[in-house]
Structure formats: structure tokens, C-alpha cells
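Q: Below you'll find the structure I mean.
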Amino acid sequence: MTDTARVGGLRVEVDVAPAVRQRRLTVAFRVFLLVPHVVVLWFLGAASEVVTIVGYVAAVFTGRLPDFAWRYQSGYLGWLARLFAYALFLTGDYPSLRWRPRVSPVVVHIPPPVTMNRWAVLFRPVLAVPAVLAVYVVGLGGAVVAVVEWVLVLTLGRTPRPVLQANAAVLRYYLRYQAYVLFMTPMYPRYLSGDDDLADDARAAISWTRPLILTRGARVLVAAYILVGIPAYIAYTVSTADTSTRTTVLTSPWTP
């Protein structure tokens, strides 16, 4: 399977090859194994910011994201998906460092460019605020709980099903959020808790993530991410504001 693909509709979808086993050695050193990807991702992200600005201006005037911007951002989302799928123990296969690998255990399905409401594009930075907060809360909460998940996967040599499903839901939501703020789709990010409304269609599932039906344990875990993430986000915001204030005071020309 290719890394990214165009599909009908406006939702971003993700297919992940189920991880049967996880090698304990790579689990133990996973954080360090991710370093090369994080370094490359910094440069890719910087380029994505430039493309986003150009795409935003173009979309405000034309209602569409330019094809060159869609192509770059789709490759960028594919890289993000491979990186986070490996970090979240969704797969034990080391993510490829190729821009568009021919075969990948993680496939991101991205809707093709469509004509969007230009007013909605213009005010998207404001409209995206609730989704930004959701991503921060779930991300911080997931980072705290990830320590426990790491111990579980290291001990068992596999990713427990609730962890697998909950992290797949988080990854999909994050990619949908990214596609929205990168002006790749007008679809607002949704369905952090899975596709329960599509449970009747589970027999016709394309993969275990389409539709993504969460077990009770997975839903509890997503809720735990949120409950842990809220105080973590508040603490992060307060500490950041405090640091910013101290820096401003120390560097202010009016400081005695």
C-alpha cells in the first residue's frame, strides 16, 4: 500500500496494519529510535508552515488549496502518521525515511482538493481554536499515560487492544485536525471517540480502523487522556505564561 491516497468524501481516514507483536528491544529504546525522524520532521514542518501561509492566501481568494500545496502537505501528513503510529505502539515497523514509501504499514487517505467557502477559510484560524485545545489536552494527557502504556507493551511484547484502539482514534483525530488547519479539507475534525454510529457497518469494514469501533476499555482510555490532559494543560499554560512574564520583565528596558 502507498503512504497516502486520495479518497472520496471529506474525512481523512487512516489504515494501520495490525501490530501482532512488538519487539521488546525496540520498545525499550523507542524514544531514541525516533530521534532521526524528529530532526527531519523539524525541517519538514518549517517548510509546511511556509506552504500553509501560501495555501491560506490562495484559498482565501480562490476557495481552493493549490495542487502543489496539497501534494506537499499530503506527504507531510504521511510522515506524521508513520512517526506517531510508531511512537504510539500502533506498529512495530520502523517508519520509512522516504518521502513517499511504496509500501507502508500506515496509510493516510486524504480527500482531494475541493472548493471551500472562502469566508470559512478566512476565519479558520479562529474556528480551529476548539480543535487546537482538544489536540493539546489529549496530547498532554496521552503523553502522561504513555509511560504506563510503554511499561505494558514492554512487559507483554504486544500492544493491548484498548491501547491500540484508543491511540488509533487519537492519531486519526490529530491527522484530521492537521488536514483542517492546513486547509486541505473543509471538514472539521470529529470522532475522537470512534465511529460508534457506524457499528452496524462493521461487517463491511475496510480495515480495523475503518470504521473505528472502540471497545469500552478503549473509550475509557480516551476519556483518561482527556481527564489527565485538562489539569496538565492548565499547568502547562500557567507555567508558560509565568515564564513568558519573567522573560518580559527581565528583558524590558523599563526594568531597573
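Each reported figure results from applying straightforward, stated rules to the coordinates on display, with no laboratory input. In this text, all values refer to a predicted model and were calculated from it rather than measured experimentally. For neighbour counting, all protein chains shown are included, and Cβ atoms are generated from backbone atoms with ideal geometry for every residue, glycine included.
Q: For Val135, what charge total do you get from the other residues with a beta carbon under 14 Å from its beta carbon, if Lys and Arg give +1 and Asp and Glu give -1?
A: Charge balance in the 14 Å sphere: +3.
Q: Name the longest site-free stretch of the chain, where the excluded sites are trypsin sites (Lys or Arg not before Pro) in a DSSP loop with no more than 16 other beta-carbon atoms within 10 Å.
A: Here the longest segment lacking exposed loop sites spans 103-189.
Q: Can you compute log10 of I(q)/I(0) for the chain with the Debye formula, treating each Cα as one identical point scatterer, at q = 0.08, 0.11, 0.17 Å⁻¹?
A: -0.34, -0.65, -1.42
Q: Rank these for me by crowding, Phe89, Phe123, going from fewest to most other beta carbons within 10 Å.
A: Phe123, Phe89
Q: So for the chain, averaging the separation of alpha carbon pairs under 8 Å that are six or more residues apart and normalising by length, what relative contact order in percent results?
A: Relative contact order here is 29 percent.
Q: Then there's this: Which helices pass in the chain if a helix is a full DSSP H run, must span at least 15 angstrom along its long axis by Cα, and must have mean Kyte-Doolittle hydropathy not below 1.0?
A: For the chain, where a helix must reach 15 Å along its axis and average at least 1.0, the hits are 35-62, 129-156.
Q: For each of Val20, Val12, count neighbouring Cβ atoms within 10 Å of the residue's Cβ, then give the residues from fewest to most.
A: Val20, Val12
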